[in-house]
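Presented below is the structure to which this report refers.
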Number of protein chains: 2
Amino acid sequence: MALDLKKRRFTSHVVGVDQNNEHLEKALELGIIDERTEMNNAIADAELVIIAVPVDKAPEILEQVLDNISPGQTVMDVGSIKANICNRVAQHSNRDQFVATHPIAGTEYSGPDAAHYYLFDGKVNIIADKEASSPDSLSVVEKLFKTLKMNTIYMDAAEHDRHIAYVSHLSHITSFTLGLTVLELEKDEKSIFNMAGSGFASTVRLAKSSPDMWAPIFQENKDNLTDAIDAYIEKLNQLKKQIESGSSEATHHTISEANQITRILEGIELKNQAATIKK
Amino acid sequence: MALDLKKRRFTSHVVGVDQNNEHLEKALELGIIDERTEMNNAIADAELVIIAVPVDKAPEILEQVLDNISPGQTVMDVGSIKANICNRVAQHSNRDQFVATHPIAGTEYSGPDAAHYYLFDGKVNIIADKEASSPDSLSVVEKLFKTLKMNTIYMDAAEHDRHIAYVSHLSHITSFTLGLTVLELEKDEKSIFNMAGSGFASTVRLAKSSPDMWAPIFQENKDNLTDAIDAYIEKLNQLKKQIESGSSEATHHTISEANQITRILEGIELKNQAATIKK
């Protein structure tokens with residue numbers, strides 16, 4: 001985000017705060033940040049504070065920022081869960097200087113080395129509970145996402161968390177699980193390595209994702225996510241039963257239904273193509 | 001396969017047989033085949049017969065080919081299951097003119113329109129039960145896969161079917177199921193479309209695969225596949241239980257374990273890179 005915002009002159013100076021020293025040094029070296037400092041110095045000087053930390057830590061950091069923020073400053077977070085952080089500061093006297101966002105973009109890699117330009121172009125950003133933010137703070141953050149060429153959608157925080165459990169968190173769960181299942185078999189069966197093709201690679205790609213990021217997301221969105229897993233297991237058992245019963249016709253029908261996901265995938269591809277053309 | 005084999009002068013003439021008239025016309029139009037004919041004419045004239053049909057139909061077609069084949073001719077199949085077809089012709093007097101193969105390459109698309117050059121380069125091919133094939137027939141088929149720049153591995157048919165259930169068939173099952181789960185939710189919740197990102201797209205890509213191809217594969221590899229699904233559901237329930245119990249540390253540990261799939265994925269990427277360099 002810092003890379004694109006500087007390239008596109010949204011800002012000329014980005015200050016980094018992190019508890020990981022190596023990441024700070026790397027970010028300086030790569031030109032992602034221009035300066036490193038401590039939390040309280042950073043808050044005092046910033047026009048805009050962006051909180052990008054694991055979702056179980058974000059609420060207390062946001063509280064600390066709101067306690068120390070002055071009029072005219074804005075703070076936003078970019079976490080994959082919105083209800084926990086919105087609830088935590090709902091009664092804070094500076095609540096309206098906070099904007100809750102979720103830019104839906106990323107890869108299976110993390111840390112400053114994984115940063116690259118144009119990650120956000122043409123993708124979707126969510127702003128949650130916008131009515132709790134002041135028009136001024138909202139306008140700063142909307143300008144930021146416009147600079148990143150994202151399409152912003154407004155949504156209730158709880159509604160966001162329910163939907164994202166299905167289209168993002170659940171696919172991470174199924175990838176991790178596929179990885180674990182094959183790894184366990186492979187303990188005794190080395191040859192399985194050679195038999196994995198590009199279809200397997202695509203389906204299991206997200207299993208490379210960081211545990212520091214994802215363990216807290218699963219925890220904080222526990223209720224929605226277990227609903228999604230239950231719905232998934234129900235579908236999986238139905239398909240398994242069809243296969244077991246030898247009903248090739250029923251299996252054929254189920255696969256044809258699943259094929260309708262093409263509609264959704266075409267939507268995603270169109271967005272990405274549009275982003276490539278704009279660049 | 002026909003495209004690459006002609007481009008690389010393994011053959012100069014490919015004859016197509018199909019029950020689908022449109023596919024035959026399209027294949028002629030695209031230059032994939034040079035001539036269309038009926039089954040018995042094709043068998044009489046061919047040096048090499050390649051059977052590429054759904055895996056529940058392949059055994060009876062193979063039997064028909066072996067019944068009509070002359071000395072010096074060879075027949076191979078390319079199906080994703082090997083035990084059913086090998087068992088079916090085990091006692092056939094011409095069994096040794098048959099070579100059972102599984103070139104592990106493909107996309108989620110099917111039909112002549114989906115054909116493209118270099119699909120097989122650098123990927124893995126399996127030859128099953130090679131000791132049941134004659135040295136002459138084996139040598140024709142090995143030369144074919146060398147022309148396609150594939151790395152051939154030899155394996156017992158039953159062992160092949162057990163392993164492929166985990167690294168190929170199971171990832172199709174999990175993709176179809178993920179597609180079905182999200183589609184059901186989306187019936188009432190249109191906004192879910194907008195929230196699906198590239199991670200979801202990657203994980204659910206295989207859900208576009210053809211029911212005509214996959215329903216028979218699931219059916220014919222039923223026993224191995226239901227074992228694989230059971231192993232997967234067990235892992236999924238373990239992870240779900242960790243999330244439900246609020247044990248972030250346990251979830252973190254599980255995700256770190258799943259991350260080890262990186263080793264396998266790097267192997268797949270290396271193979272694909274090697275293929276790209278060779279071209």
Requested in this report: State yes or no: is A:Ile153 buried (at least 18 other Cβ atoms within 10 Å of the Cβ), within 11 Å of another protein chain (Cβ to nearest Cβ) and not aromatic (Phe, Trp, Tyr)?
Outcome: no
Query raised in the report: Is it the case that some residue within the stretch A:222-238 is of a type in the set (S, T, N, Q), within 8 Å of chain B (Cβ to nearest Cβ), at negative phi and crowded, with 19+ Cβ neighbours inside 10 Å?
Result: no
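Go through the stretch B:34-56 and count every residue that is within 14 Å of another protein chain (Cβ to nearest Cβ) and closer than 19 Å to B:Gln97 by Cα. Break it down into steps so the answer makes sense when it comes.
We begin by selecting, within the stretch B:34-56, every residue within 14 Å of another protein chain (Cβ to nearest Cβ); these are B:54-56.
With the extra rule that they be closer than 19 Å to B:Gln97 by Cα, the set shrinks to none.
Final tally of qualifying residues: 0.
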Query raised in the report: Which condition does A:Gly197 not pass, out of (1) at pLDDT below 95; (2) facing chain B (nearest Cβ under 7 Å); (3) more than 21 Å from B:Pro211 (Cα to Cα), if it passes all the others?
Result: (3)
Query raised in the report: Exactly one of (1) in contact (Cβ under 8 Å) with a residue 60 or more places away in the chain; (2) surrounded by 14 or more Cβ atoms within 10 Å (Cβ to Cβ); (3) more than 22 Å from B:Asp212 (Cα to Cα) is unmet by B:Phe98. Its number?
Result: (1)
Report task. Can you tell me which residue within the stretch B:158-171, out of those that are more than 7 Å from every other protein chain (Cβ to nearest Cβ) and not aliphatic (A, V, I, L, M), is surrounded by the most Cβ atoms within 10 Å (Cβ to Cβ)? Result -> B:His160
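Residue-by-condition table, conditions (1) in a helix (DSSP H, G or I); (2) within 21 Å of A:Glu244 (Cβ to Cβ); (3) acidic (Asp, Glu); (4) under 15 Å from the mean Cα position of the chain (by Cα):
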| position | (1), (2), (3), (4) |
| --- | --- |
| B:Arg162 | yes, yes, no, yes |
| B:Phe193 | yes, no, no, no |
| B:Phe200 | yes, no, no, no |
| B:Trp214 | yes, yes, no, yes |
| B:Gln219 | yes, yes, no, yes |
| B:Asn224 | yes, yes, no, no |
| B:Asp230 | yes, yes, yes, no |
Report task. Identify, by number, the condition in (1) among the hydroxyl-bearing types (Ser, Thr, Tyr); (2) surrounded by fewer than 21 Cβ atoms within 10 Å (Cβ to Cβ); (3) under 28 Å from A:Ile229 (Cβ atoms); (4) at pLDDT 95 or above that A:Ser93 doesn't meet. Result -> (3)
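Take the stretch B:36-45 and flag every residue that is surrounded by 14 or more Cβ atoms within 10 Å (Cβ to Cβ) and not aliphatic (A, V, I, L, M). Walk me through it before giving the result.
Initially, the stretch B:36-45 is screened for residues surrounded by 14 or more Cβ atoms within 10 Å (Cβ to Cβ), giving B:36-37, B:39, B:42-43.
Hits for the stretch B:36-45 are B:Arg36, B:Thr37.
Look at B:Ala215 and say whether it is out of contact with any Phe, Trp or Tyr (no Cβ under 6 Å at 6 or more places or on another chain), facing another protein chain (nearest Cβ under 7 Å) and more than 30 Å from A:His163 (Cβ to Cβ).
Spelling it out, B:Ala215 is indeed out of contact with any Phe, Trp or Tyr (no Cβ under 6 Å at 6 or more places or on another chain), facing another protein chain (nearest Cβ under 7 Å) and more than 30 Å from A:His163 (Cβ to Cβ).
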Query raised in the report: Counting just the residues of the stretch B:239-270 that are surrounded by fewer than 20 Cβ atoms within 10 Å (Cβ to Cβ) and among the hydroxyl-bearing types (Ser, Thr, Tyr), which one comes out nearest to A:Glu234 (Cα to Cα)?
Result: B:Ser245
Report task. Taking only the stretch B:4-19 into account, find how many residues are assigned to a helix (DSSP H, G or I) and either at pLDDT below 95 or buried (at least 17 other Cβ atoms within 10 Å of the Cβ) (or both). Result -> 3
Report task. Restrict the check to the stretch A:179-187 and report whether at least one residue is touching a helix residue (DSSP H, G or I) at 6+ places or on another chain (Cβ under 6 Å), surrounded by fewer than 22 Cβ atoms within 10 Å (Cβ to Cβ), more than 7 Å from chain B (Cβ to nearest Cβ) and of a type in the set (A, V, I, L, M, F, W, C). Result -> no
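Residues of the stretch A:46-71 being among the acidic types (Asp, Glu), free of Cβ contacts under 8 Å to residues at least 60 places away in the same chain and surrounded by 13 or more Cβ atoms within 10 Å (Cβ to Cβ), which ones?
Filtering the stretch A:46-71 for residues among the acidic types (Asp, Glu) gives A:47, A:56, A:60, A:63, A:67.
Among the residues that remain, those that are also free of Cβ contacts under 8 Å to residues at least 60 places away in the same chain are: A:60, A:63, A:67.
Correct list: A:Glu63 only.
The values are calculated or read from the model by the stated rules, or taken from the named source; none is laboratory data. Everything quoted here is computed from the prediction, not taken from an experiment. Don't worry about glycine lacking a Cβ; one is built from the backbone with ideal geometry, like all the others, and counts go over all protein chains shown.
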